[in-house]
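In what follows, a single structure is set out as structure tokens and then discussed.
The values are calculated or read from the model by the stated rules, or taken from the named source; none is laboratory data. No experiment lies behind these values; they were computed from the predicted model shown. Neighbour counts are summed over all protein chains in view; Cβ atoms, including those assigned to glycine, are modelled from backbone coordinates with ideal geometry.
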Amino acid sequence: MPCDVIRGKDFTAIICKRGQRQASCRVPQCGRPAPKLCDWPIGHNKTCDMPLCVGHAHGVGPDRDYCPAHFALSRKAVEIQPA
């Protein structure tokens, strides 16, 4: 259970929350709250699951997001396919 310590002039308070602390975006130099995960398939019914903030998540379908690296790979795959 994550807890925060708040110190005031005349008091100290410890506030604990239920559940897990929200992950931070794993894009370098970001660190914002990450409500999304990368859905790039990596095999055996697993996905990348890199935590992403709203700004770095690339929506590619309903409830499907890719991290910047996998979004770039998906764009290259579309460019390579013959017309």
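What to note about this one:
- Residues in the stretch 5-30 that are under 30 Å from residue 49 (Cβ atoms) and at pLDDT 80 or above: 15, 16, 23, 24, 25, 26, 27, 28, 29, 30.
- Any chance residue 57 is modelled with pLDDT of 95 or more, surrounded by 10 or more Cβ atoms within 10 Å (Cβ to Cβ) and not basic (Lys, Arg): yes
- Residue within the stretch 40-59 that is of a type in the set (Asp, Glu) and not in a loop (DSSP other than H, G, I, E, B) present: no
- The set of residues in the stretch 2-39 being charged (D, E, K, R), more than 22 Å from residue 70 (Cα to Cα) and in a strand (DSSP E or B) consists of 4, 7.
- Within the stretch 18-47, the only residue that satisfies the criterion of being within 30 Å of residue 4 (Cα to Cα) and touching a Phe, Trp or Tyr at 6+ places or on another chain (Cβ under 7 Å) is 38.
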